[in-house]
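What follows is calculated from the coordinates using simple rules that are stated; it is not laboratory data. None of the values given here were measured: they were computed from a predicted structure. Note that each Cβ is placed from the backbone with ideal geometry, even for glycine, and that neighbours are counted across all protein chains shown.
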Amino acid sequence: MEPPKIWRERRERYLGIGNNCLDCKEKSFPKANYCLKCSSKNIEEYKLARTGKILHFTQVTQPAQETIMYSPFIIGLIELDDGIKVTGQIVDYNYDDVKEGMKVRMIFRVLSIDKEEGLIKYGYKFVPY
Ligand SMILES: [Zn+2]
């Protein structure tokens, strides 16, 4: 039986590892087995930039059950300093004080807890600085 996708990708998601294509130099995330731009398999692991800026953000007031303990929380579209765009929770900051263009840094935290399965997912979130 094949393990769930989240389990297979846990290391990459947890560590923020994507691809760097050695042929066309395209960087992408999450990690894949080939370049998403030119389909080359001549790729290496690439560690995402740990800082970036907020492009857009919104407040989530009715999240899924496994993230309800964070409600309400802020979710943002972040452009990392290497140009890769990711979504992530913006933490340790009041919604009213968050602004587009704010600089953020990546931190590692618990993302969600599935109480029935007892499964705790870890990954990155962002803190303005
Ligand atoms: Zn490529």
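Annotations
- Simple label model, 7 Å out from Cα along Cβ direction - Asp23 to Arg105, nm: 3.8
- Counting other Cβ atoms within 10 Å as a rough exposure proxy, the listed residues Lys53, Lys125, Lys85 run Lys85, Lys53, Lys125 from fewest neighbours to most.
- Cβ-based exposure ranking for Ile17, Ile68, in which fewest neighbours within 10 Å come first: Ile68, Ile17
- Ile107 sits among other residues whose Cβ lies under 10 Å from its own Cβ, and their net charge, with Lys and Arg +1 and Asp and Glu -1, is +3.
- In this structure, the residue pairs whose Cα-Cα separation is over 18 Å, taken from Lys31/Lys99; Lys53/Lys125; Lys85/Lys125, are Lys31/Lys99.
- Near Leu119, the amide H atoms lying under 5 Å from its own belong to Asp114; only residues 5 or more places off or on other chains count, and H is placed 1.01 Å from N.
- Global form of the chain, assessed from the alpha-carbon gyration tensor, a/c cut-off 1.5: oblate
- Taking other C-beta atoms within 10 Å as the exposure proxy, Asp82, Asp96, Asp114 rank Asp96, Asp114, Asp82 from fewest upward.
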